[in-house]
Amino acid sequence: MPLLKNGKQVTEDKWVRVEDDADLPEDCHALVSMGRWLKDRETLLTRNKPIGVALESSDNPDEIMDDLDRFSLIAVDFPQFKDGRGFSYGRLIRHRGGYQGELRATGGVLVDQLHYLARCGYDAVDGDARITESAWAEANSRFREVYQPTGDGRKTVMQKRHAG
């Protein structure tokens, strides 16, 4: 699947997904499950390489909110297009939690969702083969006005009406 970061195609993903029962490689950027993070937190904190956490839609992001500054990557799985929990997780992690690292949507992400992912704080997408640089640019320029407030700084229609 293609990986886009900030709307640009990435040819090499430096992150390696490490299964819960596998040894942790010392020489790579390791992406572990939230379960493994919670279980092996103290050991994982001693690593000299970047660490990332992968959230499933059934995980509770509140359980890692105090550790957000420890992660270089948070990957949130979208198991299917109709499961919107990942949008809420993005808002919680990026806007409420103040997370500054890479927030990546993975799995069943569709082109039609790119605009909303960006508004929720995602800056990377690893999904459908139709997700390209041009699709990202088109999706994020499609709507001139927005109705819901997010942390992206765009004024909502209501805010513009009250200001003008």
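Report the residue count in the range 121-145 for those that are within 18 Å of residue 77 (Cβ to Cβ), hydrophobic (A, V, I, L, M, F, W, C) and open to solvent by 20 Å² or more (accessible area, probe 1.4 Å).
Residues flagged as within 18 Å of residue 77 (Cβ to Cβ), hydrophobic (A, V, I, L, M, F, W, C) and open to solvent by 20 Å² or more (accessible area, probe 1.4 Å) within the range 121-145 amount to 1.
Identify the single condition in (1) modelled with pLDDT of 85 or more; (2) within 16 Å of residue 86 (Cβ to Cβ) that residue 128 does not satisfy, given that it satisfies every other one.
(1)
Out of everything in the range 132-164 that is farther than 24 Å from residue 89 by Cα and among the small types (Gly, Ala, Ser), what residue ends up being modelled with the lowest pLDDT?
Ranking the qualifying residues of the range 132-164, first place goes to 164.
For residue 67, only one of the following conditions fails: (1) farther than 24 Å from residue 116 by Cα; (2) in contact with a helix residue (DSSP H, G or I) (Cβ under 8 Å, 6 or more places away or on another chain); (3) in a strand (DSSP E or B). What is its number?
All conditions pass for residue 67, except number (3).
Taking the stated definitions as given, is residue 41 part of a strand (DSSP E or B) and either over 25 Å from residue 148 (Cβ atoms) or not aliphatic (A, V, I, L, M) (or both)?
Considered against the rule, which asks whether it is part of a strand (DSSP E or B) and either over 25 Å from residue 148 (Cβ atoms) or not aliphatic (A, V, I, L, M) (or both), residue 41 comes out as no.
If residue 31 meets every condition in (1) modelled with pLDDT under 95; (2) in contact with a Lys or Arg (Cβ under 6 Å, 6 or more places away or on another chain) apart from one, which number is that one?
Failing condition for residue 31: (1).
Which of (1) in contact (Cβ under 8 Å) with a residue 24 or more places away in the chain; (2) under 15 Å from residue 66 (Cα atoms); (3) hydrophobic (A, V, I, L, M, F, W, C) is the odd one out, the single condition residue 53 does not satisfy?
Failed condition: (1).
List the residue pairs whose Cβ atoms are under 9 Å apart, where the first residue sits in the range 77-95 and is touching a residue at least 60 places away in the same chain (Cβ under 8 Å) and under 25 Å from residue 154 (Cα atoms), the second is open to solvent by less than 40 Å² (accessible area, probe 1.4 Å) and part of a helix (DSSP H, G or I), and the two are 6 or more positions apart or on different chains.
Going by the 9 Å Cβ cut-off, the qualifying pairs are 91/119.
From the list 10, 16, 76, pick out the single residue that is surrounded by 13 or more Cβ atoms within 10 Å (Cβ to Cβ) and over 23 Å from residue 119 (Cα atoms).
Values: 10 fails: over 23 Å from residue 119 (Cα atoms); 76 fails: over 23 Å from residue 119 (Cα atoms).
On inspection, the qualifying residue turns out to be 16.
Do we have any residue at all in the range 34-52 that's under 28 Å from residue 116 (Cα atoms), within 17 Å of the chain's Cα centre (by Cα) and open to solvent by 60 Å² or more (accessible area, probe 1.4 Å)?
no
If we only count helices (runs of 4 or more DSSP H) wholly inside the range 75-164, which ones have 2 or more residues that are of a type outside the set (Ser, Thr, Tyr), closer than 21 Å to residue 57 by Cα and out of contact with any Cys (no Cβ under 6 Å at 6 or more places or on another chain)?
85-91, 114-119
The values are calculated or read from the model by the stated rules, or taken from the named source; none is laboratory data. In this text the structure is predicted, and so the values were computed from the model without any measurement. For neighbour counting, all protein chains shown are included, and Cβ atoms are generated from backbone atoms with ideal geometry for every residue, glycine included. What goes into the accessible areas is simple: the full protein's heavy atoms, side chains included, and nothing from ligands, DNA or RNA. Shrake-Rupley method; radii C 1.70, N 1.55, O 1.52, S 1.80 Å.
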